[in-house]
Amino acid sequence: MADESGPGATPPSEDAPTRRNPAVYRHDIVPGEPGAEFKAQVRAARSELENQMAHARNEFDEVNERIKQRTGRDLIVATLIGVAIGGVLIASLVFLKWAFVLFALGAVLLGMFEFSRALIASGRRVDMVPQIVAGTLMMLAAYFVEPWLLWIVVFVAIAFVVIWRLVAQMTADDGRTYGDVLTDVLIGALLQLYVPFFASLALVLLRQDGGEWWVLAFIIIAVVCDIGAYAAGLSFGKHPMAPRISPKKTWEGFAGAVAAAAGAGVLVGLFMIGVDWWMGLVFGLVILGTATVGDLGESMIKRDLGIKDMSSWLPGHGGVLDRLDSILPSATAALALYYLFTPLVA
């Protein structure tokens, strides 16, 4: 085989790869032309930069694939979606409270739809329309009526979905057993309590004086707990925390969540909601507890239903309810701590 770089070699075309600097073969660089050497150097530098970027991207893709195999998440997509949702949430809380009401209502309705669809797929009878109507009524009442009236609305909403299910079952006359009918009724009531009721307490907190900062604070802590557990579990996780419920959660990850919650609680307490440092510490640790219970609780529900995620609407995260699982029960704790700490600070 002849030497490709010898005197008799055929010059490479513009599109053909070459071992030499590809810039010198570009049609816009003529040897001997003023600035030709500089152009060649620029082309070579750009080519080297592109090669380095391609190499770095390949390495990042390999790392991301290993993380995805270990945790089940696409890190890049999950981060981008999380940042986008976080930006909308912060903007709605800081600038327009009513915009957050719409944001929360949309998230709750999507979560209810996901949960209802998963229950129906498992063989349960869930009436989608009355569930959505009752959930919307509960959410709006939490922000626009007096807090004591919310309890009446909650009772009416649950009674509405229960009666609807019983009437629908009587008209169906399909021979469904008493035990199955009772389970359907209880699950319908649970759906109302689990999603819209917990979320409505966040709107009760929102309407308080400075409530938007408390809502933002407890959501930040819940998210930071998740990030801390994710990072620590990925780096050091070896001992499963609840293998029968969520095999990927580890005690090392929980330790990371504790540290993250304590630090975030003190910071948001001092600089966001204006409480003493020890109140912020308590705030962070309490939210950690409710967030962990909510996360494990939803994992147990999904395991019972035989599904991995409630849906795939949020790539890298799963479903909307998969992101709300730690936030929903934390709203109750945040509201209780607001009523407890605000008089002490005042």
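The single residue among 204, 195, 185 that is more than 23 Å from residue 294 (Cβ to Cβ) and of a type in the set (A, V, I, L, M, F, W, C) turns out to be 185. If you take the residues in segment 245-255 that are outside any helix (DSSP H, G or I) and more than 21 Å from residue 329 (Cβ to Cβ), which one is most open to solvent (accessible area, probe 1.4 Å)? Within segment 245-255, the match that is most open to solvent (accessible area, probe 1.4 Å) is 247. For segment 86-107, the candidate set comprises residues that are surrounded by 17 or more Cβ atoms within 10 Å (Cβ to Cβ) and under 13 Å from the mean Cα position of the chain (by Cα); within that set, the residue that is modelled with the highest pLDDT is 107. The residues listed here are 199, 159; of these, the one that is among the small types (Gly, Ala, Ser), surrounded by fewer than 20 Cβ atoms within 10 Å (Cβ to Cβ) and modelled with pLDDT of 95 or more is 159. For segment 166-181, the condition holds for no residue, the condition being that it is in contact with a helix residue (DSSP H, G or I) (Cβ under 8 Å, 6 or more places away or on another chain), surrounded by 18 or more Cβ atoms within 10 Å (Cβ to Cβ) and in a helix (DSSP H, G or I).
With a requirement of 3 or more residues that are touching a Gly at 6+ places or on another chain (Cβ under 8 Å) and open to solvent by 30 Å² or more (accessible area, probe 1.4 Å), the helices (runs of 4 or more DSSP H) lying completely within segment 256-346 that satisfy it span 277-305. Would you mind stating whether residue 83 is farther than 24 Å from residue 322 by Cα and either at pLDDT 95 or above or in a helix (DSSP H, G or I) (or both)? No; evaluated as a whole, the condition is false for this residue.
Among the residues that make up segment 209-220, is at least one of them open to solvent by 50 Å² or more (accessible area, probe 1.4 Å), touching a residue at least 40 places away in the same chain (Cβ under 8 Å) and closer than 30 Å to residue 137 by Cβ? Looking through segment 209-220, at least one residue is open to solvent by 50 Å² or more (accessible area, probe 1.4 Å), touching a residue at least 40 places away in the same chain (Cβ under 8 Å) and closer than 30 Å to residue 137 by Cβ.
Matching residues to (1) more than 17 Å from the chain's Cα centre (by Cα); (2) under 20 Å from residue 300 (Cα atoms):
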site	(1), (2)
170	yes, no
174	yes, no
180	yes, no
188	yes, yes
191	yes, yes
208	yes, no
211	yes, no
217	no, no
235	yes, no
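Per the listing 124, 117, the residue uniquely within 30 Å of residue 305 (Cα to Cα), assigned to a helix (DSSP H, G or I), of a type in the set (Lys, Arg) and out of contact with any Lys or Arg (no Cβ under 9 Å at 6 or more places or on another chain) is 117.
The values are calculated or read from the model by the stated rules, or taken from the named source; none is laboratory data. Because the structure is a prediction, the values reported are computed rather than measured. All Cβ positions, even for glycine, are placed from backbone atoms using ideal geometry, and neighbour counts span all protein chains on display. The area values use the complete protein model at the heavy-atom level, side chains included, leaving out ligands, DNA and RNA. Shrake-Rupley method; radii C 1.70, N 1.55, O 1.52, S 1.80 Å.
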